[in-house]
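These notes concern the structure reproduced below.
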Ligand code: C5P
């Protein structure tokens, strides 16, 4: 009846240009990953969390959540999808194939409980993700004389920005991700692996403030969102 959460946190955070991986950058004085894990630990019905970490991670063991009995760690891989697969390998030997798995970015500490309820209780499909309808106009580019130019404008009414968590039954997600990696498909989220094999994940509208901390300015924004949330 419970569900598991997989948190890929084995990245090095190149785009942030900081002295440590971005999942350990401080927000409101706490490492990002610590905030994300403590948020997840409040989700009702949670069975446990599997965090994928890089082999040479020397920060995780210092987090308060590292000792929590519901928090398990595995060693991640070269790409995000390899890290998620390592966590699913761990779960695959312990849990039934139909166990719901939610994959959630370490870099999204601000997801609200209402969004989690929408994904868990209101989604019609067991294969679903939080996403935000696009508010900007989206241009598809081509390269001409070395410069990006607009090839076409996509119909904004059909554009969504994928967030996390993204959910699927353990067995289905495991096999789709494994097969996608075998084919060397470009997989930047779990939904793309499911789409490759004919599944159409349901889009569950999520709140705009479920931002992914990617660039330095996102830290200030995330701190403001968290302050308002927990004020
Ligand atoms: O690069 P991006 O922000 O999309 O990464 C999303 C998440 O995937 C991050 O939390 C990062 O730590 C994780 N990741 C991983 N293993 C990798 C690369 C990224 O777990 N090899």
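We did not get these values from a lab; they are worked out from the coordinates using the rules stated. Note that the structure is a prediction, hence the values are computed from the model and not measured. Cβ atoms come from the backbone with ideal geometry, glycine included; neighbour counts cover every protein chain shown.
Data overview
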| item | result |
| --- | --- |
| Per-bin percent of Cα-Cα distances, region 1-121 [5 Å] | 2, 11, 23, 25, 21, 12, 5, 1, 0 |
| Simple spin-label estimate for residue 46 and residue 207 in nanometres, 7 Å along Cα-Cβ | 1.7 |
| Gaussian network model of the chain, springs between alpha carbon atoms under 10 Å - residue of 80, 108, 179 with greatest fluctuation | 179 |
| Net length gained if the chain between residue 18 and residue 117 were fully extended (0.36 nm per residue, minus Cα distance) | 32.2 nm |
| Value of [θ]222 nm, deg cm²/dmol, for the chain, DSSP H segments ≥ 4, -39500 (n - 2.57) each, nearest 500 | -8000 deg cm²/dmol |
| Rg over Rh, two decimals, region 82-231 (C-alpha only, Kirkwood Rh) | 1.01 |
| Where N is the number of residues in region 124-167, Cα Rg divided by 2.2 N^0.38 Å | 1.57 |
| Projected label distance in nm at residue 72 and residue 156, using a 7 Å step from Cα toward the beta-carbon | 4.5 |
| Length added when fully stretched, residue 64-residue 134, from 0.36 nm per residue minus Cα-Cα | 21.5 nm |
